[in-house]
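Undergrad: Once you've had a glance at the structure underneath, I'll fire off some questions.
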Amino acid sequence: MLPLITEPLNILSQAPIVQSVRVIEYDETVYGKFLLRIRCRLPLGYSLQIWIHQEQTLRRYAYQLFTDKPILRWDNAPHHPELERFPHHFHDEVGRKLPSALTGNPLFDVPRVLDEVTKFLEKMT
């Protein structure tokens, strides 16, 4: 497995709010392309899903906190060109679309998403 995949798994496994980590989908080619989907169980019935799709010149990602419906979402789908930091954007719990500080690098992004999810969950208790 590539470090770009194993390191985020290590970060998730060591995060205090993560109760379990499962790789739901994984496919890697010899050409450096891969598809990864991870699901984490969190407190209070929440889950975090991470999806990363790496092509030779393009990396797509989506991070989603959810229960039976999406709550917080970060992604880089190119459908909000009006936002600063396009294509990186964030969907908050009330449906607003906002610029995101994520970069597409899971080594940078996973800790930031975990910080935001932790803050959100602390408000719920």
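The values are calculated or read from the model by the stated rules, or taken from the named source; none is laboratory data. Keep in mind that what you see is a predicted model, and the values were worked out from it rather than measured. In this analysis, Cβ positions are derived from the backbone assuming ideal geometry, glycine residues included, and neighbour counts consider all displayed protein chains.
Undergrad: Got a number for residues in region 19-56 being more than 21 Å from Leu102 (Cβ to Cβ), at pLDDT 90 or above and among the charged types (D, E, K, R)?
TA: Going through region 19-56 one residue at a time, the tally reaches 3.
Undergrad: I'd like to check which strands (runs of 3 or more DSSP E) are fully inside region 1-102 and have at least 1 residues that are touching a His at 6+ places or on another chain (Cβ under 6 Å) and either surrounded by 11 or more Cβ atoms within 10 Å (Cβ to Cβ) or not acidic (Asp, Glu) (or both).
TA: Hits in region 1-102: 34-41, 59-66, 70-75, 89-91, 97-99.
Undergrad: Yes or no: Thr118 among the β-branched types (Val, Ile, Thr) and part of a helix (DSSP H, G or I)?
TA: Yes.
Undergrad: In the list Pro87, Pro70, which residue meets the criterion of being over 25 Å from Met124 (Cβ atoms) and modelled with pLDDT of 95 or more?
TA: Pro87
Undergrad: State all residues of region 69-85 that are in contact (Cβ under 8 Å) with a residue 12 or more places away in the chain and on the phi < 0 side of the Ramachandran plot; if no residue qualifies, say none.
TA: Correct list: Pro70, Ile71, Leu72, Arg73, Trp74, Asp75, Asn76, Ala77, His80, Leu83, Glu84.
Undergrad: Do you know which residues across region 103-115 are surrounded by fewer than 18 Cβ atoms within 10 Å (Cβ to Cβ) and charged (D, E, K, R)?
TA: Arg112, Asp115
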